[in-house]
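Every read-out reported here was derived from the displayed coordinates using simple, explicitly stated rules and does not represent laboratory data. Nothing here was measured: the structure is a model prediction, and the numbers come from that model. FYI the Cβ positions are ideal-geometry reconstructions off the backbone, even for glycines, and counts take in every protein chain you see.
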Amino acid sequence: MMNAAGAGSPQHGVDVRPVSKHSEKSEAYVPGQPDMWAFVLFESFLFTGYFLVYMVCRTQSPELFLRSQAELDLRIGTFNTLVLLTSSWTMARCVKAAREGSFPSASTNAFLTMLFGFVFLVSKVSEWAQEIRKGFGFSSNEFFSFYYFLTAIHFLHLLIGFVVLGVVVHQLSSPARRSQELIETGATYWHTIDFLWVIIFSLLYVMR
Amino acid sequence: MIGSVAEPEPEARAGSLLRRIVWHWCHDPKRELWFAWWMMVVFYNLYGLLFFVVARVQPPPDPGWDVPTVVQWFTDHHLGVLSGFAIIFLVTGFIVPTNALLAYSMRRMSVSRAFAYSYLIIYSLAAVPGMLLTCIALTVGSIRPDRDPALIHWLYDFAFMAFDGTMGVFLIGSLVWMAAVLLDENRVFPKWFGYLNLCNALTEVVVAPAWIFKRGAFAWDGEIAWWINMVVFVIYTIVFISLLRRMIEREDFGTGPLPNLPTDDADAEARDPSGSMAMAR
């Protein structure tokens with residue numbers, strides 16, 4: 001996904017930035033590759049478009065949306081959100097540990113992030129299975145079309161997130177790599193997934 | 001070592017437009033690249049003009065229409081479809097230099113040639129379901145209005161489902177380009193373009209529900225399956241055409257990192273070695 005050549009020292013592709021350097025240029029500092037922030041911005045615009053379409057459709061059939069929303073299990077949605085927020089917390093701990101040069105701890109936190117991501121995936125698939133067993137499929141009604149669409153496109157982002165976490169773990173696994181910029185780039189992607197889920201959760205499960 | 005792009009010969013910048021074109025045609029070492037780039041620009045402009053203005057088949061019509069409405073639609077669009085797609089059939093060949101240039105950009109990268117070749121094959125095949133099948137089906141429907149209306153309706157569904165429902169090929173193509181850009185060490189494209197490829201690839205997935213829905217946001221004319229996708233596609237196309245132009249300008253026919261273009265300031269200083277520019281600053 002992300003190669004070391006685009007980051008850090010041009011000679012070795014490794015950017016082991018000491019903490020003091022961060023504080024020196026803290027005002028101008030952007031975590032990770034600025035290119036990834038362009039991705040975050042673009043994805044935010046894209047999802048804003050999806051959310052706006054959802055809101056417009058919702059205003060056209062408020063009763064149908066409310067009735068269908070009641071079929072979702074708020075406890076599962078809350079559990080999903082907590083799991084993903086925890087994964088973001090472990091990812092933040094991974095970045096912090098890497099900045100301090102504590103690479104074993106950073107690796108542990110990266111693996112924990114993967115674990116929480118995996119729990120989210122399993123929980124989401126079991127929720128889909130539960131809704132399908134209840135007779136609510138992708139084309140059952142407009143609300144469930146949006147429910148499956150938004151959760152599935154987010155699911156796809158999460159799957160790509162595992163590739164990104166793989167790059168982070170690969171960076172942390174050898175002293176010859178350990179590009180702080182790539183680790184932070186991976187974290188930026190992961191937090192974006194989390195940020196998008198919080199909005200999806202609010203729209204599908206909470207908003208009445 | 002990263003150098004700078006060599007200054008063009010004085011003849012390249014002097015004289016009338018015709019004289020400059022002739023010079024470039026005879027002497028410019030990048031003429032094949034520029035030829036491919038201009039073919040790309042002409043093709044995408046014609047594509048937009050012919051589909052949206054002449055044939056008026058985009059934005060797509062309603063997928064939920066009944067048979068008489070569809071037959072009427074073919075009657076109303078008879079002339080536009082025939083004249084627009086006649087030109088499309090003529091200019092389809094422009095895709096060849098276009099794809100060649102895209103593959104060239106990957107050959108110029110530090111990555112394996114497998115990226116360029118797989119992209120070339122995918123995008124050469126993608127024109128068939130992504131464009132030609134639609135054009136053929138709509139042309140047949142327009143040119144044979146005396147056929148059974150049920151068959152005309154079938155051609156209508158076939159044309160628009162082929163156009164919107166086969167984006168999987170483009171999805172894989174975008175992912176190949178993304179991987180190549182992110183792995184490249186020759187700085188042919190900025191990394192953000194790699195991530196933009198990912199955005200584009202993910203929007204190709206979103207079109208898939210068009211196979212299922214006849215109305216709403218996910219139908220082939222829906223806000224999500226068509227409108228948002230089209231906005232992303234237009235932005236993506238403008239970006240990659242601009243970046244390819246910049247790549248050609250930077251091309252030094254070497255094998256290492258692509259040199260940067262000289263900045264305006266450096267250019268001015270090169271023309272004014274006495275240092276008066278520096279004084280002015």
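Once you reduce region A:109-131 and region B:155-207 to the center of their Cα atoms, the two points are 27 Å from each other.
Counting other Cβ atoms within 10 Å as a rough exposure proxy, the listed residues A:Glu131, B:Glu32 run B:Glu32, A:Glu131 from fewest neighbours to most. Figure legend: label point modelled 7 angstrom from the Cα of B:Trp34 along Cα→Cβ; residues of region B:79-118 with amide N under 20 Å from it are B:97-102, B:104-105. Computed over region B:30-264, the convex hull of the alpha-carbon atoms projects to a mean area of 13.1 nm².
So how do B:Lys191, A:Lys124, A:Lys96, A:Lys134 line up by other beta-carbon neighbours within 10 Å, fewest first?
Values: B:Lys191 23, A:Lys124 20, A:Lys96 15, A:Lys134 10.
Ranking B:Lys191, A:Lys124, A:Lys96, A:Lys134 by Cβ neighbours within 10 Å, fewest first, gives A:Lys134, A:Lys96, A:Lys124, B:Lys191.
With Cα atoms defining each centre, region B:70-119 and region A:166-193 are spaced 38 Å apart in the structure.
Mean projected area of the Cα convex hull of the protein assembly as shown, taken over all directions, amounts to 29.0 nm². Here the protein assembly as shown is treated with +1 on each Lys and Arg Cβ and -1 on each Asp and Glu Cβ, and its dipole about the Cα centre works out to around 640 debye.
Under 10 Å, Cα contacts only: if you run a Gaussian network model on chain B, which one of B:Met131, B:Met230, B:Met40 comes out with the highest mean-square fluctuation? Most flexible of the set in this elastic network: B:Met230. Enclosing the Cα atoms of region A:32-206 in their convex hull gives a volume equal to 95 cubic angstrom per residue. Reported value for region B:152-204: 62 Å³ per residue, from the convex hull of its C-alpha atoms. Mean partner shielding of peptide B:192-204, defined as the number of other chain Cβ atoms within 10 Å of each residue Cβ, is 5. In the elastic network of chain B, a GNM with C-alpha springs shorter than 10 Å, the most mobile of B:Leu102, B:Leu132, B:Leu17 is B:Leu17.
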